[in-house]
Amino acid sequence: MPPLQLFDSSVLIPWLRTRHYDTLVTTAFASRRLLLSTVVWMELYAGTRSRGDKQALDRMVRALTSVGRVVSPEPEDFYTAGQMVAMYTRRSGQMALRDHAQDILIALGAWHARAELSTVNRQDMERLRCHRCEHAHWTRPRDGSYGGEEGTRPKQHKPPLFPGCSK
């Protein structure tokens, strides 16, 4: 069975505006594998430029909500996000929470749902992967933008969240 897919706003915004990534997103939507993070939902609404943008987003949100394909951060995810930023700052230099909290919450949502996370933000997501978010699974949209290791599949179990970083 193909894995669930959670798309970052870096994939969904171009899809909503220009149908970029159309095959990837519409295939996941049609097969009911598409998940929407409430964090991405917020980012999408913040980026609407017109009434038409908002109406298209309203339709997508209603459809996904009606079939139970919306995921939200767990209360402990906020603790984990703060700890990840603190750990990165201690080991590698400054990392502003405001610049990465949403990405961390999206990645943790994908992890909880055992879903693939598709994103174009390779550098930011790789940084998270290297600092205790390697439990998330990244995928690469077919156009070569980011995801991670092509051809890999998500793990069927949840590894521990903070098993001591070797970096």
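The values are calculated or read from the model by the stated rules, or taken from the named source; none is laboratory data. Computed from a prediction, not measured in an experiment: that's the story for all the values here. Because the Cβ atoms are built from the backbone with ideal geometry, glycine has one as well, and the counts that use them run over all protein chains shown.
For residue 91, indicate whether it is in contact (Cβ under 8 Å) with a residue 40 or more places away in the chain, over 17 Å from residue 10 (Cα atoms), in a helix (DSSP H, G or I) and over 18 Å from the mean Cα position of the chain (by Cα). Break it down into steps so the answer makes sense when it comes.
On the way: in contact (Cβ under 8 Å) with a residue 40 or more places away in the chain: yes; over 17 Å from residue 10 (Cα atoms): yes; in a helix (DSSP H, G or I): yes; over 18 Å from the mean Cα position of the chain (by Cα): yes.
Judged against the criteria, residue 91 is a match.
Under 9 Å between Cβ atoms, which residue pairs at least 6 apart in sequence (or on different chains) link something in segment 55-76 that is under 11 Å from residue 38 (Cβ atoms) with a partner that is of a type in the set (Gly, Ala, Ser) and in a helix (DSSP H, G or I)?
Qualifying pairs under 9 Å: 71/109; 71/110; 71/113; 72/109; 73/81; 73/109.
Which condition number in (1) within 15 Å of the chain's Cα centre (by Cα); (2) in a helix (DSSP H, G or I) is the one that residue 73 fails?
Condition not satisfied by residue 73: (2).
Condition test on residue 101, is it buried (at least 16 other Cβ atoms within 10 Å of the Cβ) and either modelled with pLDDT under 90 or touching a Gly at 6+ places or on another chain (Cβ under 7 Å) (or both)?
On the way: buried (at least 16 other Cβ atoms within 10 Å of the Cβ): yes; either modelled with pLDDT under 90 or touching a Gly at 6+ places or on another chain (Cβ under 7 Å) (or both): yes.
It is true that residue 101 is buried (at least 16 other Cβ atoms within 10 Å of the Cβ) and either modelled with pLDDT under 90 or touching a Gly at 6+ places or on another chain (Cβ under 7 Å) (or both).
Select from segment 111-130 the residues that are surrounded by 22 or more Cβ atoms within 10 Å (Cβ to Cβ) and under 18 Å from residue 79 (Cβ atoms) and write down the one among them that is modelled with the highest pLDDT.
Filtering first and then ranking leaves 111.
Within segment 47-66, can one find any residue that is on the phi < 0 side of the Ramachandran plot, charged (D, E, K, R) and at pLDDT below 85?
No, segment 47-66 has no match at all.
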